[in-house]
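Accompanying notes for the structure given below.
The values are calculated or read from the model by the stated rules, or taken from the named source; none is laboratory data. All figures in this text were calculated on a predicted structure; none of them were measured in a lab. Ideal geometry is used to build each Cβ from the backbone, glycine not excepted, and the neighbour counts take in all protein chains shown. All accessible areas refer to the heavy atoms of the entire protein, side chains included, with ligands and DNA or RNA removed. Shrake-Rupley method; radii C 1.70, N 1.55, O 1.52, S 1.80 Å.
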Amino acid sequence: MITDDILKRQCEESGWPCVARTSGRLTVALEATPAVQAVVALSGSGVRVFASLLELDAGAAVCCEAISMLLRKAGALVHRVRAVTEENFGFEVNFPTLPSPEELHDTFCCLSVACGLVGAELPALLDDRAAQDFILVRGWAADVSTPTLNQQGD
């Protein structure tokens, strides 16, 4: 059985400084600009490492779609990383069992790269007009759930 103490020890052995917060969360500062922290938490019988980049309400649909596109593209480029495109946007890595310190080291590196890939564009996509332009330039239709012919192979 994985405990918080065992998980903290694995993080420390990964070579990345970790902090046990008073809230009970275990965090690791990633090497990304702007600064991002990964939360390392037990998830069922495994471990979830999540780097939250942004929390949005459902009111800005075009912004959510553009940000989702950006995160999915970045996530596809980086080993291990999966984009999270629901309310709390970011990247995650899930392990079915306790990861080794080496796996955690690799995970923190990969999350740092993924967060760095989107760091500059993300704030711009909070503007409705910029988000719409972002979607259109990439060949998506105004109804962002329906791709145009230009999107094939994208």
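Annotations
- Listed values for the range 30-43 are Karplus-derived 3J(HN,Hα) couplings in whole Hz (6.51 cos²θ - 1.76 cosθ + 1.60, θ = phi - 60°), namely 7, 8, 9, 10, x, 4, 9, 10, 8, 9, 9, 9, 5, 9, and x replaces Gly and Pro.
- Karplus 3J(HN,Hα) series, Hz, for the range 63-77 with 6.51 cos²θ - 1.76 cosθ + 1.60 (x for Gly, Pro): 5, 4, 5, 5, 5, 4, 4, 4, 5, 5, 4, 5, x, 6, 8
- Accessible surface of the chain, 1.4 Å probe, proportion on carbon and sulfur as whole %: 54
- Per residue, the accessible area of the range 1-135 comes to 51 Å², computed with a 1.4 Å probe over protein heavy atoms only.
- Among the listed values (1) 43, 22, 14; (2) 32, 15, 13; (3) 24, 17, 16, the one matching semi-axes √(5λ) of the Cα gyration tensor in Å as calculated from this structure is (2).
- Note on the chain: helix-only mean residue ellipticity at 222 nm, from DSSP H runs of 4+ residues weighted -39500 (n - 2.57) and normalised by residue number, equals -11500 deg cm²/dmol.
- By the beta carbon rule, with partners counted only under 4.7 Å, the chain holds these lone Cys residues: Cys63, Cys64, Cys109, Cys110, Cys115.
- Helix 4-13 and the longest principal axis of the C-alpha atoms of the chain enclose an angle of approximately 80°.
- Whole-number D in µm²/s for the range 29-120 (Stokes-Einstein; Kirkwood sum over Cα pairs; 20 °C, 1.002 mPa s): 161
- Normalised contact order of the chain, rounded percent, pairs of Cα under 8 Å and 6 or more residues apart: 23
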